[in-house]
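S.K.: Could you have a look at this structure, given as structure tokens, before my questions?
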Amino acid sequence: MPRFLHGYLYAILAHIGFVVLWQVAVSVGRIPSYILPGPIETIAALAEPSYNWFRHIWVTTAEIFGGYAIATVVGVALAVLFVWVPPLNAALMPLLITLNMVPKVAMAPLFIIWFSYGIVPNMLIAFTICFFPIVLTTYRGLIEVEPDLLNLVKSLKGNRWQIFTKIQLPGSLPFLFSGMKVAAVLAVAGAVVGEFIASDSGLGYFLLVQQNALNTSAMMMALILITGIGVVLYGLVALLEYVFVTRKGISA
């Protein structure tokens, strides 16, 4: 087993155990499938061609990854700008905190009015939900510099760019990835909330349609697929953290 995955062995076993317990509970408890279908019935829903799984998975994945990517790029860029221009930080950081207090779910109908239906408004909802943690953690990482190390580099005639690239940026990576992990979870919630409110495709939309039909197995499968997309995103962030932080021995 690859070294990166070795630490997740117990987690994988726990997931397998959960699925087994789920099947046992449904079978032994004789729970009706319309209340709680078993894993086998849930997986069987994937074979229904009329559900058009590929289209819904593609739409939700695009919304989650698109909103997350924009939030990461904009969040990191803004955090760097705040460090380089302190007056800008003093002016805009309190504003960002205030805007972050606005309930994102309540903003979803406005996004629908402004940008109509489709992937774009749901992507923007995901962006607004996961943007702030990235800005905040990255900024904190950039300013968390040991004074002695900073003085040493300055005494060696290091310029501002060298201080940023050699000390601040590498030192901020643990903070950045912590924020990115939190944002990965929030991006999934943001995209699905948008699909709940107004959408004609995506796994969130599919969930509502199947709820009206009381098709619990298809609903469970949709939930599992949404979770799977989030796990893939989180796993990619964890992999990047391992490559750029853990393997290089960088710590917060």
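S.K.: Please pick out the residue among Ile70, Ile35, Ile31 that is out of contact with any Lys or Arg (no Cβ under 6 Å at 6 or more places or on another chain) and assigned to a helix (DSSP H, G or I).
M.R.: Of the residues listed, the single one that is out of contact with any Lys or Arg (no Cβ under 6 Å at 6 or more places or on another chain) and assigned to a helix (DSSP H, G or I) is Ile70.
S.K.: Considering only the range 12-45, how many residues are under 13 Å from Met220 (Cα atoms) and either in contact with a Leu (Cβ under 7 Å, 6 or more places away or on another chain) or small (Gly, Ala, Ser) (or both)?
M.R.: The total comes to 5.
S.K.: Can you name the condition, by its number, that Phe206 falls short on among (1) surrounded by fewer than 22 Cβ atoms within 10 Å (Cβ to Cβ); (2) of a type outside the set (Asp, Glu); (3) over 15 Å from Gly67 (Cβ atoms)?
M.R.: Among (1) surrounded by fewer than 22 Cβ atoms within 10 Å (Cβ to Cβ); (2) of a type outside the set (Asp, Glu); (3) over 15 Å from Gly67 (Cβ atoms), the lone unmet condition for Phe206 is (1).
S.K.: Taking the conditions exactly as written (within 29 Å of Leu236 (Cα to Cα), modelled with pLDDT of 90 or more and polar (S, T, N, Q)), does Ser172 satisfy them or not?
M.R.: no
S.K.: With respect to Leu124, determine if the residue is over 24 Å from Tyr205 (Cα atoms) and part of a helix (DSSP H, G or I).
M.R.: No.
S.K.: Among residues belonging to the range 30-58 that are surrounded by fewer than 18 Cβ atoms within 10 Å (Cβ to Cβ) and among the polar types (S, T, N, Q), point out the one that is modelled with the highest pLDDT.
M.R.: Result: Asn52.
S.K.: Identify, by number, the condition in (1) surrounded by 14 or more Cβ atoms within 10 Å (Cβ to Cβ); (2) more than 30 Å from Trp58 (Cβ to Cβ); (3) not small (Gly, Ala, Ser) that Leu152 doesn't meet.
M.R.: Going through (1) surrounded by 14 or more Cβ atoms within 10 Å (Cβ to Cβ); (2) more than 30 Å from Trp58 (Cβ to Cβ); (3) not small (Gly, Ala, Ser) one by one, Leu152 breaks only (1).
S.K.: Being surrounded by 12 or more Cβ atoms within 10 Å (Cβ to Cβ) and part of a helix (DSSP H, G or I) is the filter here; which residues of the range 100-117 pass it?
M.R.: Once the filter is applied, which keeps residues that are surrounded by 12 or more Cβ atoms within 10 Å (Cβ to Cβ) and part of a helix (DSSP H, G or I), the range 100-117 yields Asn100, Lys104, Val105, Met107, Ala108, Pro109, Phe111, Ile112, Phe115.
S.K.: List the residue pairs whose Cβ atoms are under 6 Å apart, where the first residue sits in the range 118-135 and is surrounded by fewer than 24 Cβ atoms within 10 Å (Cβ to Cβ), the second is outside any helix (DSSP H, G or I) and at pLDDT below 90, and the two are 6 or more positions apart or on different chains.
M.R.: Within 6 Å, no pair qualifies.
S.K.: Just wondering, is there one or more residues in the range 69-86 that are small (Gly, Ala, Ser), free of Cβ contacts under 8 Å to residues at least 24 places away in the same chain and either more than 26 Å from Val237 (Cβ to Cβ) or exposed (fewer than 12 other Cβ atoms within 10 Å of the Cβ) (or both)?
M.R.: Within the range 69-86 (the criterion being small (Gly, Ala, Ser), free of Cβ contacts under 8 Å to residues at least 24 places away in the same chain and either more than 26 Å from Val237 (Cβ to Cβ) or exposed (fewer than 12 other Cβ atoms within 10 Å of the Cβ) (or both)), the answer is no, since none of the residues qualifies.
S.K.: Now for a separate question. Could you tell me whether the range 127-141 includes any residue that is of a type in the set (Gly, Ala, Ser), part of a helix (DSSP H, G or I) and more than 19 Å from the chain's Cα centre (by Cα)?
M.R.: Within the range 127-141, one or more residues are of a type in the set (Gly, Ala, Ser), part of a helix (DSSP H, G or I) and more than 19 Å from the chain's Cα centre (by Cα).
The values are calculated or read from the model by the stated rules, or taken from the named source; none is laboratory data. All values derive from a computational prediction rather than experimental measurement. Methodologically, a virtual Cβ is constructed for each residue, glycine included, from the backbone with ideal geometry; neighbour enumeration extends over all protein chains shown.
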